[in-house]
Structure formats: structure tokens, C-alpha cells
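*Asks:* One structure is given below, represented as C-alpha cells, and several questions about it will come after.
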Amino acid sequence: MTQNQPDQPDQTVLITGASSGIGAACARIFAAAGARLILTARRLERLEALAAELKQQFQTSSHLLPCDVSDQAAVTTALETLPPDWSTIDVLINNAGLSRGLEKLHQGSLSDWEEMIDTNLKGLLYVTRAVLPGMVSRNRGHIVNIGSIAGHQTYPGGNVYCATKAAVRALSEGLKMDLLGTALRVSSIDPGMVETEFSEVRFHGDRERASSVYQGITPLTPHDIAEIVLFCVSRPAHVNISDLIVLATAQASATMVHRSS
Ligand code: NDP
Ligand code: 8X3
């Protein structure tokens, strides 16, 4: 499956936020490529259903790790107590994340801000801190962070969400620098509009408002992004795709979208 040992398809890939959207699509595409999967998210029943599907379709071995990435103690314990045959992680896909609200900063909800910062930024750090030492000691591994166009360009009401994704971009850059001289690779994949549960979560379950986000355009699909993640991971060992912005054809920037009426 991957660049380092193409003759060993059974690399172990840990995907955060595997219960939905881009994370679930990554699970499917890496399973099809022959990977073993560590699937994490808070909703265990969804992970169980996904693992059963992948077992049936691709004979995939999955290890389920129900976990809230914003709970530092839970993350550390979960990763420290992995069974020995699951503790060598080759690829980490830091995908778990969310947006909450689209209010102007002076009207924003502090709990929404905290949830975004704790998940998108601190959660990514906790998981990475727990997984990375093993990769460094083996001199082998690939970290893929799912950033966003929002980490490159801020949009009205995006304030704190955009700040967390700008932070993810800075962390990806910093990590690449810190790992210079090792064989480890770091990639940031930064999508624009992808139709997932993202907008429903942003608007606290308001499905009508969420679906209006994608009205009149053909948005990216989670599978589109998963294909790109797999492409990054399967490049030859000397190729590090550092940062990729991926937009729907109908989107030109964080704020410019062409909608057919
Ligand atoms: P979804 O809402 O469909 O999926 C989000 C995933 O993150 C779920 O699996 C959810 O699992 C998990 N998650 C959220 N909070 C936590 C938490 N505290 N602990 C563990 N897991 C958590 O959205 P997407 O697939 O769209 O989002 C995936 C990533 O892609 C996010 O980082 C998002 O910011 C980014 N992104 C999305 C874009 C889009 O337009 N959709 C564009 C650019 C980037 P559970 O609730 O079961 O814990
Ligand atoms: C998600 C895409 O444009 O809503 O990161 O910020 S956007």
C-alpha cells in the first residue's frame, strides 16, 4: 500500500474521526488498499458498523478505539494501552474536527469556541504527541493532518474555526521542521467544501440550514479527499506532499462560490 514497503500491504493506519465523513471515507479507501485500521471517534456503534462493513468487503482487520480526542488522559491511556500487535502505527490521519456556529466574534459562544479549540487543535496535538515517539524511534511513519481552506483564508463568522485550522497549518509546518533529518513525512490536506455532517454539526443539528450550504454546487465528496490522502501516503519515500488545497470546481476561495440557480 505505501511507499516504504510496497511488498507489505498490511500497514497500520490510525484514523481519528472515523465515524463519519472524510474519516470514514479514508477508512474505506485504506481498507481497499490492504491496510489494517485503528479507528477512533466517540460514537462506538458507528465504528463497529464500519469495521463490520470493511471486514466483509475487504477482510480488513480493525481495532476500535472509542475516544474523545479532546480528553488528554483518555487519549494517552488509549494509545499507551494498545495491544502489542496494534502499537506500531505507520500512518496517522489526524482528521477528527468540527466547526460550531458562524456568529460574529462579539456574539460567539464560548462553549463553541472551547469545543473547536479543544478538538481541532488540542485533540490533534494529544494524538500526535502519543503516536509520534514510536514513529521517530522506528524512523518510519507519515502524519496526515486534515486542515482546511479555512486555515489559509478567513471568512466572515469563521473566526475561531479558521483560527484552529490556521493553527493546524502552522503545526504541520513546524512538525515537518522538527522531523527534518528523519524519514518521517508530514502532509496537510486542506479541503474547501466537502459534503459531510460538518455543516449539520456547525449549525447544531439544523439540517435545512446545513443542506443550504451545498445548494447549487457540486461539492467535494469525502471519497475525493480520501483518494488524495491515499495518494500522498503512497508516494515514493523521498516525496513529501506538504500542503494541498483542494477545492470544488465551483469554489474559488473560502468566500467565492458559484451557485447555479
Ligand atoms: P463530520 O462531521 O462528518 O466528521 C467529523 C468526525 O470527527 C466524526 O467522525 C466525529 O466523530 C469526529 N470528532 C468530532 N469531535 C471529536 C472528538 N472530540 N473526539 C473524537 N472524534 C471527534 O465532518 P468532516 O468529515 O467534514 O470533518 C473531518 C475533518 O475535515 C474535520 O477536521 C474538518 O474540520 C475537516 N474539514 C471539513 C471540510 C468540510 O467541508 N466538510 C472542509 C475542510 C476540512 P464522533 O462525533 O463520533 O466523535
Ligand atoms: C471546512 C470548510 O469553508 O466551511 O473547513 O471552512 S469551510
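The values are calculated or read from the model by the stated rules, or taken from the named source; none is laboratory data. Since this is a predicted model, take the numbers as computed values, not measurements. Here the Cβ is made from the backbone with ideal geometry for all residues, glycine too, and neighbour counts use every protein chain on show. What goes into the accessible areas is simple: the full protein's heavy atoms, side chains included, and nothing from ligands, DNA or RNA. Shrake-Rupley method; radii C 1.70, N 1.55, O 1.52, S 1.80 Å.
*Asks:* Relative contact order, percent, of the chain when contacts are C-alpha pairs under 8 Å separated by at least 6 residues?
*Replies:* Values: 511 pairs, mean separation 52.8, N = 261.
Relative contact order for the chain comes out at 20 percent.
*Asks:* Another one. Dipole size in debye (nearest 20) for region 3-147 around its Cα centre, Lys and Arg Cβ +1, Asp and Glu Cβ -1? All intermediate terms of the calculation are to be shown ahead of the outcome.
*Replies:* Numbers: 12 positive and 15 negative charges, 46 e Å.
So the dipole magnitude of region 3-147 works out to roughly 220 debye.
*Asks:* Taking a 1.4 Å probe, which of Phe198, Phe231, Phe30 shows the most accessible area, and what order do the others take after it?
*Replies:* On the way: Phe198 65, Phe231 100, Phe30 0 Å².
Order by accessible area, largest first: Phe231, Phe198, Phe30.
*Asks:* So, with +1 on the Cβ of K and R and -1 on the Cβ of D and E, and no other charges, what is the size of the charge dipole of region 12-246 about its Cα centre, to the nearest 20 debye?
*Replies:* On the way: 20 positive and 24 negative charges, 100 e Å.
Magnitude of the dipole: close to 480 debye.
*Asks:* Another question, then. Grab the chain and count how many Lys pairs have their alpha-carbon atoms under 22 Å apart, sequence gap of 8 or more, or different chains.
*Replies:* Working: Lys104/Lys165; Lys122/Lys165; Lys122/Lys176; Lys165/Lys176.
Pairs that pass both the separation and distance tests number 4.
*Asks:* Using +1 on the beta carbon of Lys and Arg, -1 on that of Asp and Glu, and nothing else charged, what's the dipole of region 80-142 about the Cα centre, debye to 20? Before the final figure, lay out the partial values.
*Replies:* Details: 6 positive and 8 negative charges, 51 e Å.
With Lys and Arg at +1 and Asp and Glu at -1, about 240 debye.
*Asks:* For the chain, what is the calculated [θ] at 222 nm in deg cm²/dmol (nearest 500), taking -39500 (n - 2.57) for each run of four or more DSSP H residues and dividing by its residue count?
*Replies:* Working: 9 runs with 101 residues, N = 261.
When only DSSP H runs of four or more count, the value is -12000 deg cm²/dmol.
*Asks:* Ordering Thr40, Thr182, Thr81 by how much accessible area each has at a 1.4 Å probe, largest first, what is the list? Please list the in-between numbers first.
*Replies:* Details: Thr40 10, Thr182 50, Thr81 95 Å².
Ranked list, largest accessible area first: Thr81, Thr182, Thr40.
*Asks:* Roughly speaking, what is the stretch gain from Thr77 to Glu227, that is 0.36 nm per residue apart minus the C-alpha to C-alpha distance, in nm to one decimal? Numbers along the way, then the final one.
*Replies:* Values: separation 150, 0.36 × 150 = 54.00 nm, distance 3.11 nm.
Stretched fully, the Thr77-Glu227 segment lengthens by 50.9 nm.
*Asks:* Here is a further query. Using a Gaussian network model of the chain whose springs link C-alpha atoms within less than 10 Å, name the residue from Ala49, Ala166, Ala150 with the highest mean-square fluctuation.
*Replies:* Comparing Ala49, Ala166, Ala150 in the GNM, the peak value goes to Ala49.
*Asks:* Right, next: Show me the three semi-axes of the equivalent ellipsoid for the chain, from the C-alpha gyration tensor (sqrt of 5 times each eigenvalue), largest first, rounded to whole Å. List each step's numbers first, then the result.
*Replies:* Values: eigenvalues 163, 76, 73 Å².
That gives 29, 19, 19 Å for the three semi-axes.
*Asks:* A further question on this structure: Filter the trypsin sites (Lys or Arg not before Pro) in region 171-261 to those in DSSP coil with at most 10 other Cβ atoms within 10 Å of their Cβ, and list the result. All intermediate terms of the calculation are to be shown ahead of the outcome.
*Replies:* Numbers: sites: Lys176, Arg185, Arg202, Arg207, Arg209, Arg259; in loops: Arg259.
Loop-located and lightly packed - Arg259.
*Asks:* For region 126-190 and region 18-92, write down the distance between their C-alpha centroids in whole Å.
*Replies:* 19
*Asks:* Ignoring any ligand, DNA or RNA, what whole percent of the accessible area of region 116-261 comes from carbon and sulfur when the probe is 1.4 angstrom?
*Replies:* Values: 3860 of 6830 Å².
Taking all protein chains in place, region 116-261 shows 57 percent carbon and sulfur surface.
*Asks:* So who's got an amide H within less than 5 Å of the one on Val144, skipping anything under 5 residues away but keeping other chains? H placed 1.01 Å off N, in plane.
*Replies:* Leu92, Ile93, Asn94, Ser187
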